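The values are calculated or read from the model by the stated rules, or taken from the named source; none is laboratory data. Since the structure is predicted, the reported quantities are computational estimates derived from the model, not experimental observations. Glycine also receives a Cβ, built like all others from the backbone with ideal geometry; neighbour counts cover every protein chain displayed. The accessibility values were calculated without ligands, DNA or RNA, using every heavy atom of the protein model including side chains. Shrake-Rupley method; radii C 1.70, N 1.55, O 1.52, S 1.80 Å.
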Amino acid sequence: MATSGPKVLEVAACIGNIRFNILVDTGASVSILPFKYSRGFILEQTPVRLSSVTGSPIFCHGQSLVGIRI
């Protein structure tokens, strides 16, 4: 039986009062959010440099440790 691609796990989550779906990637060393969701969090400078699967840079505005409710 042929598959149509890799399976993904997406779950409903909350960070603060913001609800959205997140993609679970157990091999990722960091999780990223769009900057618009960072309101209310203290962002610290970060040495982290990220790139997309195509090699394009992903700009990081900062880092913060936040709790996620699933």
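Some values worked out for this structure:
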| item | result |
| --- | --- |
| Leading residue by the ranking (farthest from the chain's Cα centre (by Cα)) among those in the range 9-31 that are of a type outside the set (S, T, N, Q) and not in a strand (DSSP E or B) | G16 |
| In the range 37-54, residue nearest to the chain's Cα centre (by Cα) [restricted to those that are among the charged types (D, E, K, R) and farther than 19 Å from R69 by Cα] | R49 |
| Residue list for the range 58-70, filter: part of a loop (DSSP other than H, G, I, E, B) and surrounded by 10 or more Cβ atoms within 10 Å (Cβ to Cβ) | C60, H61, G62, S64, V66, I68 |
| Residues satisfying the stated conditions in the range 32-52, i.e. free of Cβ contacts under 8 Å to residues at least 12 places away in the same chain and either in a loop (DSSP other than H, G, I, E, B) or open to solvent by less than 80 Å² (accessible area, probe 1.4 Å) (or both) | P34, R39, P47, R49, S51, S52 |
| Which numbered condition G55 fails, given (1) in contact with a strand residue (DSSP E or B) (Cβ under 9 Å, 6 or more places away or on another chain); (2) open to solvent by less than 100 Å² (accessible area, probe 1.4 Å) | (1) |
| Residue, nearest to L65 (Cα to Cα), within the range 1-30, restricted to residues that are out of contact with any helix residue (DSSP H, G or I) (no Cβ under 9 Å at 6 or more places or on another chain) and surrounded by 12 or more Cβ atoms within 10 Å (Cβ to Cβ) | C14 |
